[in-house]
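The values are calculated or read from the model by the stated rules, or taken from the named source; none is laboratory data. These figures come from a predicted structure and were not determined experimentally. Quick reminder, even Gly has a Cβ in these numbers, built from the backbone with ideal geometry, and neighbours come from all protein chains shown.
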């Protein structure tokens, strides 16, 4: 008899909980209408694949028009533009990569900076070290001087893995950039022996 009484009590409690849940859902919907408001500004990020200013691109870059002109409805409209910048920005002539080393002339960096008010250049890719440490350092310097946020490259693991954080409206957006250093070990450019397994650069 005691087991039956306990079972009935549990059923009653279960039914009460279901009723409270249903009532709560109805009241919440009435208070908030049909949408759920997080209380933050709406922001959007445009993310590209590889963006390259090297090789045959100078013919386009010297035209006086933005290389992004055909996609400006996306790149300009975004609150943040994130690109995988596929070449170091350097005038160095000492490439350390035998197959298709890439580089971009620093004079074109402003074209990337003008693509959006907030541009992040991801550097953790297989061309970041085509011109060695000097080329990488030139690239970081030239991009930053143009007002571009740089991530994924640096002289040690701490620098290379440091995220970029952008405050836009009442939001804070943090972006990280890594490369697969296991499958692309030949491109990782170990410069800090104590952190040789890092995949940030």
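Being over 25 Å from the mean Cα position of the chain (by Cα), in a loop (DSSP other than H, G, I, E, B) and at pLDDT 90 or above is the filter here; which residues of the range 36-63 pass it?
Across the range 36-63, the qualifying residues are 62, 63.
One line per residue, one yes/no per condition, for (1) surrounded by 17 or more Cβ atoms within 10 Å (Cβ to Cβ); (2) touching a strand residue (DSSP E or B) at 6+ places or on another chain (Cβ under 9 Å); (3) over 20 Å from residue 174 (Cα atoms):
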residue	(1), (2), (3)
47	no, yes, no
59	no, no, yes
69	no, no, yes
75	yes, yes, no
80	yes, yes, no
83	yes, yes, no
90	yes, yes, yes
94	no, no, yes
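With the requirement that a residue be farther than 18 Å from residue 145 by Cα and either surrounded by 16 or more Cβ atoms within 10 Å (Cβ to Cβ) or out of contact with any helix residue (DSSP H, G or I) (no Cβ under 8 Å at 6 or more places or on another chain) (or both), what does the range 96-117 give you?
Within the range 96-117, 97, 98, 99, 100, 101, 102 qualify.
What number goes with the only condition from (1) crowded, with 16+ Cβ neighbours inside 10 Å; (2) over 20 Å from residue 158 (Cα atoms); (3) within 22 Å of the chain's Cα centre (by Cα) that residue 120 does not pass?
Unmet for residue 120, out of (1) crowded, with 16+ Cβ neighbours inside 10 Å; (2) over 20 Å from residue 158 (Cα atoms); (3) within 22 Å of the chain's Cα centre (by Cα): (2).
Test residue 66 against the criterion of being more than 20 Å from residue 180 (Cα to Cα) and in contact with a helix residue (DSSP H, G or I) (Cβ under 6 Å, 6 or more places away or on another chain), and give yes or no.
No; evaluated as a whole, the condition is false for this residue.
Please go through (1) over 22 Å from residue 97 (Cβ atoms); (2) modelled with pLDDT of 80 or more for residue 178 and return the number of the only condition it doesn't satisfy.
Exception for residue 178: condition (1).
Among residues belonging to the range 123-148 that are in contact with a strand residue (DSSP E or B) (Cβ under 8 Å, 6 or more places away or on another chain), farther than 20 Å from residue 56 by Cβ and touching a residue at least 40 places away in the same chain (Cβ under 8 Å), point out the one that is surrounded by the fewest Cβ atoms within 10 Å (Cβ to Cβ).
The qualifying residue surrounded by the fewest Cβ atoms within 10 Å (Cβ to Cβ) is 138.
Of all the residues that make up the range 161-177, how many are in contact (Cβ under 8 Å) with a residue 12 or more places away in the chain, over 15 Å from residue 47 (Cβ atoms), assigned to a strand (DSSP E or B) and within 13 Å of the chain's Cα centre (by Cα)?
Summing the residues that are in contact (Cβ under 8 Å) with a residue 12 or more places away in the chain, over 15 Å from residue 47 (Cβ atoms), assigned to a strand (DSSP E or B) and within 13 Å of the chain's Cα centre (by Cα) in the range 161-177 gives 0.
Which numbered condition in (1) modelled with pLDDT of 95 or more; (2) touching a helix residue (DSSP H, G or I) at 6+ places or on another chain (Cβ under 6 Å); (3) within 22 Å of residue 45 (Cβ to Cβ) is the only one that residue 120 fails?
Tallying (1) modelled with pLDDT of 95 or more; (2) touching a helix residue (DSSP H, G or I) at 6+ places or on another chain (Cβ under 6 Å); (3) within 22 Å of residue 45 (Cβ to Cβ), residue 120 fails exactly one: (2).
List every residue pair whose Cβ atoms lie under 8 Å apart, where the two residues are 6 or more positions apart in sequence or sit on different chains, the first residue falls within the range 68-79 and is farther than 16 Å from residue 50 by Cα, and the second residue, located anywhere, is loosely packed, with under 13 Cβ neighbours inside 10 Å and modelled with pLDDT under 95.
77/44; 78/44; 79/44; 79/169
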